[in-house]
Structures are given as C-alpha cells and as structure tokens.
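Read through the structure below, which is laid out as structure tokens, and then see the notes.
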Amino acid sequence: MVRLTVSSGRPVDLELEMPGDKSIAHRWLLLAATANGASELDNVPAGLDVRSTARFCAALASVVDPSQLDGWASNPPGQGQRDGSTANGPRPRGSTLRIEARGRHGLEVRRESIDCGNSGTTMRLGAGILASASSRATLEGDASLSRRPMERVAVPLRRMGASVATVGGCAPITVEGSSLRGIAHRSVVPSAQVKSAILLAGLTAEGATVVDEPVTTRDHTERALRALGAPVHVVGTSVRVERFQYVGFAGRVPGDVSSAAFVAAAAALTGGTVEISGVGLNPTRTRYLDVLARMGVQTQRIVDRDVLGEPVGTLMVDRTADLAGVTVEGAELPELIDEVPVLAILAASARGDSRFVGAGELRVKESDRLGAIVRMIRGLGGDAAIEGDDLVVAGGDLDGGSFDAAGDHRLAMAAAVAGTATPRPVAIEGAEVADVSFPGFFGTLARLGAGVEG
Ligand code: S3P
C-alpha cells in the first residue's frame, strides 16, 4: 500500500489536459470490439478500470487480434503504466488502440471467466454484450465489485432471454447468451450502467427495446450509437433502440470531466485558476459545475468540437474567493454521483452547512461512499452525518490528518484535494488506487501547487 502525504500549496494558474474519459472509453472499446471492421481509438486512458474493459474485449472471439488489448490490459496495478505514467507521475498519456472485430453475430467468448477487476461498468455493460453471445462466461470482480448489486442488470437481461446467474445478487455473474427479444424496462434506480447494458443487448434483439429511467443519467452509449448510425430514439428519460450492427470507427477519447472535478476543486481551495482543454463537456456529466457555481466557484465552458456525438472543448475555472454551503437535490444526483466525494470536501470547507438529498445510491459504489465520506471528513477535522438517505456536511475549516482510502479511488483523490488547503498535511493510505480512474493524479496535484511526498 502506498502512503502519500499532500500538503497545502500556493495558488497557481495552470493549463492542462485530463486523461481520457473512463465512461466513454469503456463504451467505445466495447463498441469497437463488437463492430464489423477496424476501429482506431486514440487517448484511451491507462486507468485500471479501462484496462479491465480492454481485457474483456480481448476475451471476445470476434476481436481479430486480441494480443494488443490483452498485453495492454494485463499490466499490473500500481507498477507504472506502459505509457510511462505512474500513480505519482507527472503526465499521463493515453494509448492508441487498433481493434479489428467481426461484429456481434455468432459472438463467442474465448475464456470461461473474465476478470473485471474493480470496474462495475465492465461487468454490467459486459453482461449486456454476453447476453446474446453463443457461449457461457463468468464475469468476476475484486472484493469491492463482488459486493455490488448485479440483479438490477440480471433481471432485465433474463427478461430478454439470456440466462444470468448471480451469487446472492452479486458477482461473480455467469451469462449464457441466447437469441434475445426486445423489452420495455422501467428502472427503479437511475443507472447509466444498467441502461447501457440493456441497450447493448437490445441491439441484437428481435423487436424494439425501451429503457425508461426516473431521471436522466449519462448518455454516452446513446450518443455513440447514434453517431454510428443506430436507430436510437430518446424522448425525455426514455431511450429506444432496435437491432443494428455498427461498423468500425475512429475517435479520440475526450478528457475526463469527472477527473477535472478534482482539479477544479483543488483550484477553488487554493485560490488558483485552471484551463482544461480537450475535455468532454457532455451535459449529463457537467451537472456538478452548476453546484460549484452555487458554492461560489465560477467556471466557463467552450465547446469547440463533436467527437462521436460527444461535445468536447475547454473548461475554465475562475479564481474562488469564498465557498458557500449548498443543497444538492435528489434529482441532480445521478448526473453528479461520482463527484459527491469531492463536492463534500468543498462543502466541509465552506461557510454554512450543505445537504446532498437522497444520496443512498452512494452506499453501493466502489465502497459504501456515504459512510466513507463521513469518516473522511471527520478524520480530517470536519463534521458530517447521514440523515436517512441524505448526506449532511457541516461548513467550516478542515484541519488535516490521515485517511485510509480502503480501495476507493474517488475517496483517495477527494481526501488528497482537501490536503491542498489544510493547515496540517493530509496522508492518504492506499493512494495508488487513484490509478483506477486518474493515472497521474498526484503528479497533477503537484502541478497545482500542492506538496506531494511519498
Ligand atoms: C457509470 C455510471 C455510474 C457511475 C460510474 C460510471 C458509467 O454508475 O457511478 O462511475 O460509466 O455508466 P451507475 O450506473 O451504477 O449509477
């Protein structure tokens, strides 16, 4: 386990880029590995979750030459990446991956079991692909992923005709594919992973498949499919898809706007400014910017291109004077669910209390994030509590201290961001877990003016 200590920095004005977006990279890799023909994906982030998806793709017999994907994905965690970046390295560089595949018809899996590591997106979207395969495979995960709920994806895939077995509702899940029929599915819990799994299965099904969600979730799957010519129709929170085989494609994965949240928060705490270019600005991912604005952190966005349906551009974070407490409504949460840990750190450093309404879904993320956020804030000298499904954070000043990330990448990074402005340093146990989504995170924090020592 790596222990890193972050100490407060001076305000700096910085221009930088983020590693490629994890959510988008998962989807484009899966689409490329099931397309008809050759694809070329650029700026594929070296984070461990995306490597898990590459490993999944390499296990598909439709992928003509899996060696590149396999080799890229099997790089051991925390040992430095092939592209030169490390947990504490200065500049993560994405990889270019060329994938040639033979489509989804008659798709088979080369292996009996596939390791999805820590990645819920690999497992849930992977299950959607395997639902129509002519084979049987088991998707396994690490201890954290094996505790997360999988029936929410198994139930609709069974209704479509696949045979899906979970162990007590969790991973490992075994999927035996079948010819599928379209369904109309109403999700109780908003989840882009569940929605995407059903849509990916629906692309091979007889008849239309419709997914309706209580509120909008990230729509990267829909955008990519539409850009590839698939019949995808969106009306409000309802998405409908019909059978369609896409062909190979090319695209540069935009910078990760969720990773940018940690950078924006560090700039806000230190009083610096940042300009992040080449970043994804999909509105289903930028909801946290509205919350930042209500807290007193002003940002500007300029979209300058469209890549496979994704708006991409520059995000600028202005200098912040004072932070104010905020109420985040339940309807906003699904579009900023991954940003709650770092928003909670800002809330603990603000004037006035904050409330995140209806945040219960955080209990089933990479860790029980609801409990872990409270533990993190209290451990750093602040106060927070859980009231029903609400997270309540007391405003004030954090002091510093130590925090065990317990295998959760976003908590490790949120605690590290706190250390950029606390009077005492913040020590993070298990800091290497940041590599799951943001290789080079601690190097970026150092560029933002913080002291980082290992
Ligand atoms: C993701 C969806 C969200 C998010 C996760 C990535 C995705 O999970 O928390 O980090 O890429 O679809 P849920 O779909 O479970 O809400």
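The table below gives the values:
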{"item": "Lone qualifier among A321, A267 - being modelled with pLDDT under 95 and farther than 14 Å from D338 by Cβ", "result": "A321"}
{"item": "Criterion violated by V6 - all others in (1) touching a helix residue (DSSP H, G or I) at 6+ places or on another chain (Cβ under 8 Å); (2) at pLDDT below 95 satisfied", "result": "(2)"}
{"item": "Any hit, segment 194-213, residues being within 16 Å of the ligand (Cβ to nearest atom), open to solvent by 30 Å² or more (accessible area, probe 1.4 Å) and not in a strand (DSSP E or B)", "result": "no"}
{"item": "Sole exception among (1) touching a Ser or Thr at 6+ places or on another chain (Cβ under 8 Å); (2) open to solvent by less than 10 Å² (accessible area, probe 1.4 Å); (3) assigned to a helix (DSSP H, G or I) for A224, by number", "result": "(1)"}
{"item": "Test: residue in segment 79-87 that is more than 16 Å from the ligand (Cβ to nearest atom), at positive phi and either modelled with pLDDT under 85 or among the charged types (D, E, K, R) (or both)", "result": "yes"}
{"item": "Residue list for segment 416-442, restricted to those being open to solvent by 10 Å² or more (accessible area, probe 1.4 Å) and farther than 14 Å from A405 by Cβ", "result": "A421, P423, R424, P425"}
{"item": "Matching residues, segment 28-75, being open to solvent by 10 Å² or more (accessible area, probe 1.4 Å) and part of a helix (DSSP H, G or I)", "result": "L48, R55, S67, Q68, D70, G71, W72"}
{"item": "Unique match (being more than 16 Å from the ligand (Cβ to nearest atom), open to solvent by less than 10 Å² (accessible area, probe 1.4 Å) and free of Cβ contacts under 8 Å to residues at least 60 places away in the same chain) among I377, I373, I345, I386", "result": "I377"}
{"item": "Some residue of segment 273-290 being among the small types (G, A, S) and closer than 21 Å to G449 by Cα", "result": "yes"}
{"item": "Selected residue [open to solvent by 60 Å² or more (accessible area, probe 1.4 Å) and more than 16 Å from C57 (Cα to Cα)] from R98, R102, R159, R136", "result": "R159"}
{"item": "Residue in segment 250-271 that is farther than 27 Å from Q193 by Cβ and surrounded by fewer than 24 Cβ atoms within 10 Å (Cβ to Cβ) present", "result": "yes"}
{"item": "Yes/no for G182 being in contact with a Gly (Cβ under 6 Å, 6 or more places away or on another chain), open to solvent by less than 30 Å² (accessible area, probe 1.4 Å), in contact (Cβ under 8 Å) with a residue 40 or more places away in the chain and away from the ligand (no atom under 16 Å from the Cβ)", "result": "yes"}
{"item": "Condition check for R363: within 16 Å of the ligand (Cβ to nearest atom), closer than 27 Å to P11 by Cβ and not in a loop (DSSP other than H, G, I, E, B)", "result": "no"}
{"item": "Condition check for T174: touching a residue at least 40 places away in the same chain (Cβ under 8 Å) and more than 16 Å from the ligand (Cβ to nearest atom)", "result": "no"}
{"item": "Residue pairs meeting the criteria (Cβ under 7 Å; at least 6 apart or on separate chains; first under 30 Å from A197 (Cα atoms), in segment 1-28; second open to solvent by 10 Å² or more (accessible area, probe 1.4 Å) and basic (K, R))", "result": "S23/R218"}
{"item": "Residue match in segment 415-436 (condition: among the hydrophobic types (A, V, I, L, M, F, W, C), over 26 Å from N43 (Cβ atoms) and without any contact (Cβ under 8 Å) to a residue 60 or more places away in the chain)", "result": "no"}
{"item": "In segment 223-242, the residues that are touching an Asp or Glu at 6+ places or on another chain (Cβ under 7 Å) and either in contact (Cβ under 8 Å) with a residue 40 or more places away in the chain or among the small types (G, A, S) (or both)", "result": "R223, S238, V239"}
{"item": "Subset of segment 372-398 [more than 23 Å from A421 (Cα to Cα) and out of contact with any helix residue (DSSP H, G or I) (no Cβ under 6 Å at 6 or more places or on another chain)]", "result": "E387, G388, D390"}
{"item": "Filtered residue count, segment 348-370, keeping only those that are in contact (Cβ under 8 Å) with a residue 24 or more places away in the chain and either more than 21 Å from R148 (Cβ to Cβ) or acidic (D, E) (or both)", "result": "11"}
{"item": "Test: residue in segment 143-158 that is acidic (D, E) and closer than 27 Å to S67 by Cβ", "result": "no"}
{"item": "Long-range neighbours under 6 Å by Cβ, at least six apart or interchain, first residue modelled with pLDDT under 95 within segment 279-294, second of a type in the set (D, E, K, R) and not in a strand (DSSP E or B)", "result": "none"}
{"item": "Selection within segment 242-290 - part of a helix (DSSP H, G or I) and within 16 Å of the ligand (Cβ to nearest atom)", "result": "V257, S258, S259, A260, A261, F262, R287, Y288"}
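Per-residue answers, yes or no, for (1) within 15 Å of the ligand (Cβ to nearest atom); (2) among the aromatic types (F, W, Y); (3) closer than 30 Å to V194 by Cα; (4) touching a Gly at 6+ places or on another chain (Cβ under 9 Å):
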{"position": "L292", "(1), (2), (3), (4)": "no, no, yes, no"}
{"position": "G296", "(1), (2), (3), (4)": "no, no, no, no"}
{"position": "D322", "(1), (2), (3), (4)": "no, no, no, yes"}
{"position": "A331", "(1), (2), (3), (4)": "yes, no, yes, yes"}
{"position": "E335", "(1), (2), (3), (4)": "yes, no, yes, no"}
{"position": "G352", "(1), (2), (3), (4)": "no, no, no, yes"}
{"position": "R355", "(1), (2), (3), (4)": "no, no, yes, yes"}
{"position": "A359", "(1), (2), (3), (4)": "yes, no, yes, yes"}
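The values are calculated or read from the model by the stated rules, or taken from the named source; none is laboratory data. As the structure is a prediction and not an experimental result, all values here were calculated from the model. Cβ: placed from backbone, ideal geometry, glycine included. Neighbour counts: every protein chain shown. The accessibility values were calculated without ligands, DNA or RNA, using every heavy atom of the protein model including side chains. Shrake-Rupley method; radii C 1.70, N 1.55, O 1.52, S 1.80 Å.
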